[in-house]
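Just so it is clear, none of the values below were taken in a lab; they were calculated from the coordinates. Since we're looking at a predicted model, the values are computed, not measured. Virtual Cβ from ideal backbone geometry, glycine too; neighbours counted across all protein chains shown.
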Amino acid sequence: MDLMFAPYTLHRRAKYFPDPEVFDPERFTPEREKRLPRPAYLPFGAGPRVCIGNHFSLMEGHILSANPVL
């Protein structure tokens, strides 16, 4: 049996993310992240087919935000 879902709709569920179309970086503060169920936000997928670049892209984001000259 195959199961497919759309991350776009999952990431915009009002049940987990109030005002889902509004940019709110406070959604991902450690306190608020603890209240979310683990599969509520899957930016890189999950399970055996998780994106192989997830660690690289997160590290790259930290590097670029720490060094704005690049």
What is the local net charge at Leu10, summed over the other residues whose Cβ is closer than 15 Å to its Cβ (Lys, Arg +1; Asp, Glu -1)? +4
Relative to the Cα centre, what is the charge dipole magnitude of the chain, using +1 at the beta carbon of each Lys and Arg, -1 at the beta carbon of each Asp and Glu, and rounding to the nearest 20 debye? 280 debye
What is the calculated FRET efficiency for Leu42 to Ala14, with r their C-beta to C-beta distance and R₀ = 25 Å, to the nearest 0.05? 0.90
Going by a ≥ b ≥ c, the root eigenvalues of the Cα gyration tensor, does the chain fall in the rounded group (a/c under 1.5), the prolate group (a/b larger than b/c) or the oblate group? oblate
